Ligand SMILES: [Mn+2]
C-alpha cells in the first residue's frame with residue numbers, strides 16, 4: 001500500500017470512528033454546587049483534550065456562588081440536562097450516589113466517574129474507569145489528573161479548578177482539606193492569574209447574598225434527605241458571611257420548613273446556617289440551627305439550641 005493510500009485509509013477510519021462514538025454527557029449531582037458544575041466543565045475539557053467528545057451539563061439551577069464564578073471567569077453556563085436514557089453514555093463527577101443522579105442513570109452506559117465522596121452504591125453493567133481520591137474537591141482530583149497526563153489547563157479552566165477547591169474546602173477551613181489541595185490552589189491561582197484569597201472572598205460574598213431567594217429556595221439551596229434512626233429528615237445547610245441574613249428571615253424560614261415537612265411527609269426539616277469568622281479557623285463555631293419539628297412542638301426556648309451557638 002502506498003503511503004498516500006495508507007494516510008487516506010487512516011484518516012477515513014479515524015473520522016468514521018469519531019462519527020460513530022457518542023458524545024459523552026458529563027455531569028455532577030442534582031442541586032448542583034460550585035464543585036459539581038466546575039468539575040463537569042473541567043472533566044469535559046480533559047476528555048476533549050484526550051480526543052473523547054464530551055459536553056458538560058448541569059442538573060439544576062446555578063447557585064449564586066457558581067453564577068459568580070462562571071461570570072468572573074467568562075465561562076458559558078452549561079446546559080440543563082433533564083434525564084438520561086439507555087442510549088446515553090455519561091461521565092459522572094463529584095458523586096457516585098444514584099439518588100443524586102438522573103433517574104435514567106441505571107440504564108445509561110457509564111464511561112467513568114471522578115469523585116471525592118465515599119462509595120455510595122452506583123452500579124453499572126460494564127467495567128468502567130473510576131478515579132476516587134480523598135481530596136477536598138472533584139476539581140482538585142482533575143487538576144492532579146491533568147498534571148499526570150501533561151495537560152496544562154488554560155486560564156479559565158485553571159480558574160474553574162480553583163473555584164471547586166475553594167468552594168468545597170470553604171477556603172481551606174473544612175476538615176476535608178489536605179496539604180495537596182492547598183498546593184493545587186496556589187499553583188492554580190498562578191495559572192489562572194487570580195489572587196486566591198480575593199477570589200475566595202468574591203465567592204463568599206456572592207454566596208452570602210441571598211436577598212433574592214425566598215425562604216423555600218434558601219432551604220433547597222444545599223440539601224439532602226437522610227434516614228436516621230428510622231426518621232426521615234431533610235437536612236439543609238447554608239454558608240454565609242453573617243448571621244443577620246437568616247436570623248432576619250427566621251419566622252418565614254420555619255414556616256417554609258413546616259410546609260416542606262408536611263408536603264414531603266418528613267419527620268423533620270433541619271436547617272443549619274453557618275457563617276465564617278475570619279478570626280477563627282473553624283467554620284463550625286458559628287452555626288444557627290433551625291428545626292421545623294421543635295418549632296412546631298413549641299419547644300423553642302430563649303437560649304435553647306435554636307438560638308445562636310457561639
Ligand atoms: Mn465536591
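Laboratory data are not the source of any read-out in this text; all were calculated from the coordinates shown. Remember, predicted model here, so these are calculated numbers, not experimental data. Ideal geometry is used to build each Cβ from the backbone, glycine not excepted, and the neighbour counts take in all protein chains shown.
Taking neighbour Cβ counts within 10 Å as the exposure measure, how do 95, 183 sort from fewest upward? Write down the numbers at each step before the final one.
Details: 95 23, 183 12.
Arranged by neighbour count, lowest to highest, 95, 183 become 183, 95.
Starting with the fewest neighbours, write out 271, 68 ranked by other beta-carbon atoms found within 10 Å of each beta-carbon.
Numbers: 271 25, 68 21.
Sorted ascending by nearby Cβ count, the order is 68, 271.
Ranking 137, 120, 112 by Cβ neighbours within 10 Å, fewest first, what do you get?
Going from sparsest to densest Cβ surroundings: 120, 112, 137.
Write down Rg/Rh for the range 135-195, rounded to two decimals, with Rg from the C-alpha atoms and Rh from the Kirkwood relation over Cα pairs.
0.93
On a full-extension model of 0.36 nm per residue, what is the gain between residue 205 and residue 123, subtracting their alpha-carbon distance, rounded to one decimal in nm?
Net length gain for the segment: 25.6 nm.
For residue 224 and residue 255, calculate 0.36 nm times their separation in residues minus their Cα-Cα distance, and state this gained length in nm to one decimal. If you can, show how the numbers build up before the last one.
Details: separation 31, 0.36 × 31 = 11.16 nm, distance 1.89 nm.
The span from residue 224 to residue 255 would gain 9.3 nm if fully extended.
Modelling each spin label as a point 7 Å along the Cα-to-Cβ direction, I'd like the residue 289/residue 61 distance in nm, to one decimal.
Each label point is offset 7 Å from its Cα along the Cβ direction, giving 3.0 nm.
Note down the relative contact order for the range 15-205 as a percent, whole number, built from C-alpha pairs under 8 angstrom at least six residues apart.
21
Stretched out fully, how many nm does the piece from residue 247 to residue 152 gain, at 0.36 nm a residue minus the Cα gap? Show your work: numbers first, answer last.
On the way: separation 95, 0.36 × 95 = 34.20 nm, distance 4.48 nm.
Length difference between fully extended and current span is 29.7 nm.
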